[in-house]
Amino acid sequence: MSRSGKIGNSRKQQPKQANTNCTVRNFVMQASIANMFEIESSKLAAGKSQNPEVQEFAECMITDHNKVFDELGYTLQSSGSGVTPVDMLDYKHQELINQLKMASPGAGFDKRYIDTQTKSHAKTVKLYKEYVQNGQDAALKTFAKKTLPILERHHELIKAIH
């Protein structure tokens, strides 16, 4: 036991904790959930927003994230990782969708959508950056590196509307 009361060498334990997002399974799970959330929330925005900027952004999200989802699938098939994208949202993201569904069309909806998109893209950009630097699968690292500029552009676009 060390002086700090911890068993074992804490230096050996830290890299695993720091790289949790960098396992193939975790990255694919988080990336596919984020992608599905962008598509589903943007479909709602395309129908409920009355702001042309928000509508245009939402259409861009639907188009771009469908392409990202397809590319992730192709990458996983070629990587031989045996991992597949998840096909449903987790509880947290489904709750955000439910809140957007309940929001009244117009400014209230737009604010909620813009806020969720801003936060979601910040987290997704961070996830992809971590995977580019520390990911375990070369094909997925290439995918993440290729996709990251798109996500960063989305983040800048939504912050400009915000």
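I need the full set of residues from region 75-111 which are assigned to a helix (DSSP H, G or I), closer than 30 Å to Thr142 by Cβ and without any contact (Cβ under 8 Å) to a residue 12 or more places away in the chain, in order please.
Scanning region 75-111 gives Gln77, Lys92.
Right, Lys16: at pLDDT 95 or above, out of contact with any Cys (no Cβ under 8 Å at 6 or more places or on another chain) and part of a helix (DSSP H, G or I) or not? Don't jump to the end; show me each part of the working.
Numbers: at pLDDT 95 or above: no; out of contact with any Cys (no Cβ under 8 Å at 6 or more places or on another chain): yes; part of a helix (DSSP H, G or I): yes.
Here the answer is no, as Lys16 does not meet what is asked.
Test each condition in (1) among the hydroxyl-bearing types (Ser, Thr, Tyr); (2) under 29 Å from Gln55 (Cβ atoms); (3) surrounded by fewer than 17 Cβ atoms within 10 Å (Cβ to Cβ) for Tyr128 and report the one that comes out false.
Condition (3) is where Tyr128 drops out.
May I ask you to list pairs of residues, at least six apart or on different chains, whose Cβ atoms are under 6 Å apart, with the first in region 48-65 being under 20 Å from Met36 (Cβ atoms) and the second being of a type in the set (S, T, N, Q) and part of a helix (DSSP H, G or I)?
If the second residue must be of a type in the set (S, T, N, Q) and part of a helix (DSSP H, G or I), the pairs left are Ser49/Gln55; Ala58/Ser42; Met61/Ser42; Ile62/Ser42; His65/Asn35.
Those residues that are under 14 Å from Phe27 (Cα atoms) and either part of a loop (DSSP other than H, G, I, E, B) or not polar (S, T, N, Q) (or both), I need them from region 112-134; list them, please.
Restricting attention to region 112-134, the residues satisfying the condition of being under 14 Å from Phe27 (Cα atoms) are 123-134.
Hits for region 112-134 are Lys123, Val125, Lys126, Leu127, Tyr128, Lys129, Glu130, Tyr131, Val132.
The values are calculated or read from the model by the stated rules, or taken from the named source; none is laboratory data. Keep in mind that what you see is a predicted model, and the values were worked out from it rather than measured. Every residue, glycine as well, gets a Cβ built from its backbone with ideal geometry; the counts of neighbours run over all protein chains shown.
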